[in-house]
1. Could you pull out the residue among B:GLY39, B:GLY16 that is touching a helix residue (DSSP H, G or I) at 6+ places or on another chain (Cβ under 6 Å) and modelled with pLDDT of 95 or more?
2. If you check B:ALA169, B:ALA157, B:ALA150, B:ALA131, which single one turns out to be assigned to a helix (DSSP H, G or I), at pLDDT 90 or above and under 22 Å from B:PRO255 (Cβ atoms)?
3. When segment A:83-93 is examined, which residues are found to be more than 12 Å from A:ASP62 (Cα to Cα) and either touching a strand residue (DSSP E or B) at 6+ places or on another chain (Cβ under 7 Å) or at pLDDT 95 or above (or both)?
4. Can you find a residue in segment B:64-76 that is over 19 Å from B:ALA280 (Cβ atoms), within 20 Å of the chain's Cα centre (by Cα) and of a type outside the set (Lys, Arg)?
5. Is there a residue being at the interface with chain A (Cβ under 9 Å from one of its Cβ atoms), touching a strand residue (DSSP E or B) at 6+ places or on another chain (Cβ under 8 Å) and either closer than 20 Å to B:VAL6 by Cα or without any contact (Cβ under 8 Å) to a residue 60 or more places away in the chain (or both) anywhere in segment B:60-73?
6. Which one of these does B:GLY221 not meet: (1) under 30 Å from A:LYS27 (Cα atoms); (2) more than 14 Å from chain A (Cβ to nearest Cβ); (3) in a helix (DSSP H, G or I); (4) of a type outside the set (A, V, I, L, M, F, W, C)?
Amino acid sequence: MNRFLTLIAIGTAATLATASPALAHAKLVKSNPVANSTVHVGPKSITLTFDERLVPAFSKFDVTMPAHKMNVPVKTVVSPDGKRIVGTLGSRLTAGAYKVTWTAAAADDGHKMTGELSFKVG
Amino acid sequence: MLEPAVIAVRLLQYLGAMVLFGSSLFFVYARSLAGPPRGARALVAVAGAILAIAALLSIAAQASLFAGSFAEGLTAPSIGAVIAWMPLGKAALVRALAAAAGVAAVALSPRARPAWPLVAAFGAVAAASLAWMGHGGATEGPLGWAQLIADMLHALAAAAWLGALAAFALLLAARDRSPPAVDALYRALHGFSGIGTGLVAVLGATGLVNGWVLVGPAHLGGMIGTPYGRLLSLKLVLFAAMLALAARNRFRLTPVLAIARAGDPSAALGGLRRSVLLEAGLGLAVLALVAWLGTLAPPAAA
């Protein structure tokens, strides 16, 4: 009995000591196009990758051209694994500066995070 | 505007689960009592009903938070998405169903012999599901499971303690001061002392696991500088005060009642009643702090 308890205690201690707490709060980890980059060929889609599973109904992004105060039509879906928002654009983006404004609702912690990123085509 | 409402809904769920599980469990193991005290069924049924309603409200609140407004949140797609996609949504639904089943079990069982074991079983499911309401549901990997299990045990032990306090408050409010009734009360108090010690041990151990995950040894020094750390410290102070009261009940007031049983027990009962009510009040304050803490970012997340 005592050996059993000792094993449990060691196991618990080892788990606690080695694992680093990964507390959810959805963070943007990757995007295509990359934030603040300039791409030469206008993309047909934009993909944002997060480190947490998102709730599709509440996770999306808008695309604008701030210089022209113009909304760019985009249709977003969340990938089956819940970690990517993929936006399909009506047509290839033409030259100019674009801003992506995103909302991500984390499935595990219930927090809604927002953010934005910019890129250029040209 | 949504934030105080969210905290209130969380507090109601904690309160409801503490009584639904802890008080019904008390009536299972407090075998010295001839029957449940007056108001016991009403106390547990009302607690279960509050828990069921508050758990459903928490789903609606989460949907409204995500959708951006009550108008868009209180729709079938928004509420469906919270339940389908979020562990905390599923847990809230399970909690509401378990609480409703507990209320039904109280209402449908015989008045003289309520089905306390069954009510306690539903209450245990509801109390364990509270683990998903806090930060326990948000940590990933093996550590996440360790924390979830610790959180469940923490909630169950807290419920067993606070639910027993609610039951003692009812017993001490009873008018029946006949020697057999006072003797049964004394034996219930005496019997709880061992159980209470075990509950405190579980609360301490599981609290340490949670503290390790959510605060972490590296953040311990700077903890007091954060709102989370200050509230957590206040919670620990209140917990220590509850322990002191519990120790006084056990080592002073209960033995005094043992002696007073032979003569006039009213002074001893009055002292116990004040002490139990104060302890329950501190317990309520601790629950309110926990309801608030769950909405703040813990130091380890910084």
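1. B:GLY16
2. B:ALA169
3. A:LYS83, A:ARG84, A:LEU93
4. Checking segment B:64-76: not a single residue is over 19 Å from B:ALA280 (Cβ atoms), within 20 Å of the chain's Cα centre (by Cα) and of a type outside the set (Lys, Arg).
5. yes
6. (3)
Each row is one residue, and each column tells you yes or no for (1) surrounded by fewer than 20 Cβ atoms within 10 Å (Cβ to Cβ); (2) assigned to a loop (DSSP other than H, G, I, E, B); (3) away from chain B (no Cβ under 14 Å).
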residue	(1), (2), (3)
A:ASN36	yes, yes, yes
A:GLY42	yes, yes, yes
A:LEU48	no, no, yes
A:PHE61	no, no, yes
A:LEU93	no, yes, yes
A:LYS99	yes, no, yes
A:GLY110	no, yes, no
A:MET113	yes, no, no
A:LYS120	yes, no, yes
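Results for (1) facing chain A (nearest Cβ under 9 Å); (2) within 15 Å of B:ALA60 (Cβ to Cβ); (3) surrounded by 23 or more Cβ atoms within 10 Å (Cβ to Cβ); (4) not small (Gly, Ala, Ser), shown as yes or no for each residue.
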| site | (1), (2), (3), (4) |
| --- | --- |
| B:ILE79 | no, yes, no, yes |
| B:LEU93 | no, yes, no, yes |
| B:ALA99 | no, no, yes, no |
| B:ARG111 | no, no, no, yes |
| B:LEU118 | no, no, no, yes |
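The values are calculated or read from the model by the stated rules, or taken from the named source; none is laboratory data. Note that the structure is a prediction, hence the values are computed from the model and not measured. Methodologically, a virtual Cβ is constructed for each residue, glycine included, from the backbone with ideal geometry; neighbour enumeration extends over all protein chains shown.
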